[in-house]
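Quick one: the structure is below, and I'll ask about it shortly.
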Amino acid sequence: AQSVTQLDSHVSVSEGTPVLLRCNYSSSYSPSLFWYVQHPNKGLQLLLKYTSAATLVKGINGFEAEFKKSETSFHLTKPSAHMSDAAEYFCVVSENVYTGNQFYFGTGTSLTVIP
Amino acid sequence: GAGVSQSPRYKVAKRGQDVALRCDPISGHVSLFWYQQALGQGPEFLTYFQNEAQLDKSGLPSDRFFAERPEGSVSTLKIQRTQQEDSAVYLCASSLEDYPPYEQFFGPGTRLTVL
């Protein structure tokens, strides 16, 4: 069975300070993990994905995430927050099996960036 | 380039009415997914198509929900005899891959309100 837990429903940071959005997952098989961002009234946009290659994954807009199997975590980070980063972020897990066509979303983390 | 489009963007229905929601995937994308996103929640999987074949409909909440993709391109999600609990944003995503892990591209969604 698969599931995703986003540990914080809301995160507030000051502009220019680091961002950390936490995600833990459970999966019966080798998982693929994704982070998506959702800006108001816009579609979900892929930030980055892990698919069993390098454990440190770099994405768009300066975001990166590290896959830690021992901790079953896939936390999203960015060194310096920008006002435009304010949005809802979703951690997603999918299993790498032929029948693994389901994406399991976390409940989301709302990021606020304070000027 | 053109992304995934959905129509209508907003739909208000009276309880008991039937509705049809349309998804135009990215041209050439084999896989198509439907999700339901309730207010304040992450998207939840409804159904998956590979070309015109509906390979997984395990997430459809009841037999009032029906999806089709007759020519392997445009897809329609139909909800019969709408209920208030059907109020949500319905998201469509498409992917070039026909095997996991799928990189999904999401449309802006259709916000359905059932009165």
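Looking at region B:42-52, which of its residues are over 21 Å from B:S87 (Cβ atoms) and either more than 7 Å from chain A (Cβ to nearest Cβ) or of a type in the set (A, V, I, L, M) (or both)?
Of all residues in region B:42-52, those over 21 Å from B:S87 (Cβ atoms) come to B:48-52.
Within region B:42-52, B:F49, B:Q50, B:N51, B:E52 qualify.
Quick check on this structure: which one of B:L77, B:L55 is part of a strand (DSSP E or B) and at the interface with chain A (Cβ under 10 Å from one of its Cβ atoms)? Steps first, please.
On the way: B:L77 fails: at the interface with chain A (Cβ under 10 Å from one of its Cβ atoms).
The unique qualifying residue is B:L55.
Now for a different question. Exactly one of (1) in contact (Cβ under 8 Å) with a residue 60 or more places away in the chain; (2) among the charged types (D, E, K, R); (3) buried (at least 18 other Cβ atoms within 10 Å of the Cβ) is unmet by B:K78. Its number?
(3)
Take A:Y36 and decide whether it is surrounded by 17 or more Cβ atoms within 10 Å (Cβ to Cβ), modelled with pLDDT of 95 or more and either within 13 Å of chain B (Cβ to nearest Cβ) or under 11 Å from the mean Cα position of the chain (by Cα) (or both).
Working: surrounded by 17 or more Cβ atoms within 10 Å (Cβ to Cβ): yes; modelled with pLDDT of 95 or more: yes; either within 13 Å of chain B (Cβ to nearest Cβ) or under 11 Å from the mean Cα position of the chain (by Cα) (or both): yes.
Against the criterion (surrounded by 17 or more Cβ atoms within 10 Å (Cβ to Cβ), modelled with pLDDT of 95 or more and either within 13 Å of chain B (Cβ to nearest Cβ) or under 11 Å from the mean Cα position of the chain (by Cα) (or both)), A:Y36 qualifies.
In addition: For residues in region B:42-57 being surrounded by fewer than 16 Cβ atoms within 10 Å (Cβ to Cβ) and not acidic (D, E), which is nearest to B:L115 (Cα to Cα)?
Residues of region B:42-57 surrounded by fewer than 16 Cβ atoms within 10 Å (Cβ to Cβ): B:51-53, B:55, B:57.
Now drop any that are not not acidic (D, E), which leaves B:51, B:53, B:55, B:57.
On the way: B:N51: 34, B:A53: 33, B:L55: 32, B:K57: 26 Å.
Restricting to residues being surrounded by fewer than 16 Cβ atoms within 10 Å (Cβ to Cβ) and not acidic (D, E), the top hit is B:K57.
Is it the case, given these coordinates, that B:A93 is part of a strand (DSSP E or B) and more than 21 Å from A:K42 (Cβ to Cβ)?
When the stated conditions are applied, B:A93 does not pass them.
Restricting to region B:96-114, and then to whatever is part of a strand (DSSP E or B) and within 9 Å of chain A (Cβ to nearest Cβ), can you tell me which residue is farthest from B:H29 (Cα to Cα)?
Of the residues in region B:96-114, the ones part of a strand (DSSP E or B) are B:105-106, B:110-114.
With the extra rule that they be within 9 Å of chain A (Cβ to nearest Cβ), the set shrinks to B:105-106.
Numbers: B:F105: 10, B:F106: 12 Å.
If we take residues in region B:96-114 being part of a strand (DSSP E or B) and within 9 Å of chain A (Cβ to nearest Cβ), then B:F106 is farthest from B:H29 (Cα to Cα).
What about B:R69, is it touching a strand residue (DSSP E or B) at 6+ places or on another chain (Cβ under 6 Å), more than 12 Å from chain A (Cβ to nearest Cβ) and either in contact (Cβ under 8 Å) with a residue 24 or more places away in the chain or surrounded by fewer than 19 Cβ atoms within 10 Å (Cβ to Cβ) (or both)?
Details: touching a strand residue (DSSP E or B) at 6+ places or on another chain (Cβ under 6 Å): yes; more than 12 Å from chain A (Cβ to nearest Cβ): yes; either in contact (Cβ under 8 Å) with a residue 24 or more places away in the chain or surrounded by fewer than 19 Cβ atoms within 10 Å (Cβ to Cβ) (or both): yes.
Taking the combined requirement at face value, the residue satisfies it.
Checking the condition crowded, with 18+ Cβ neighbours inside 10 Å, more than 8 Å from chain A (Cβ to nearest Cβ) and either not small (G, A, S) or not in a loop (DSSP other than H, G, I, E, B) (or both), which residue from B:L39, B:L60 passes? Working first, answer last.
Details: B:L39 fails: crowded, with 18+ Cβ neighbours inside 10 Å.
On inspection, the qualifying residue turns out to be B:L60.
Any idea which of (1) more than 20 Å from A:Q2 (Cβ to Cβ); (2) without any contact (Cβ under 8 Å) to a residue 12 or more places away in the chain is the one B:F49 doesn't satisfy?
(2)
Exactly one of these conditions fails for A:L44: (1) within 14 Å of another protein chain (Cβ to nearest Cβ); (2) out of contact with any Ser or Thr (no Cβ under 9 Å at 6 or more places or on another chain); (3) modelled with pLDDT under 90. Give me its number.
(3)
The values are calculated or read from the model by the stated rules, or taken from the named source; none is laboratory data. Only a predicted model underlies this, so the values are computations on that prediction, with no experimental measurement involved. A quick note on method: Cβ atoms are made from the backbone with ideal geometry, for glycine too, and the neighbour counts reach across all protein chains shown.
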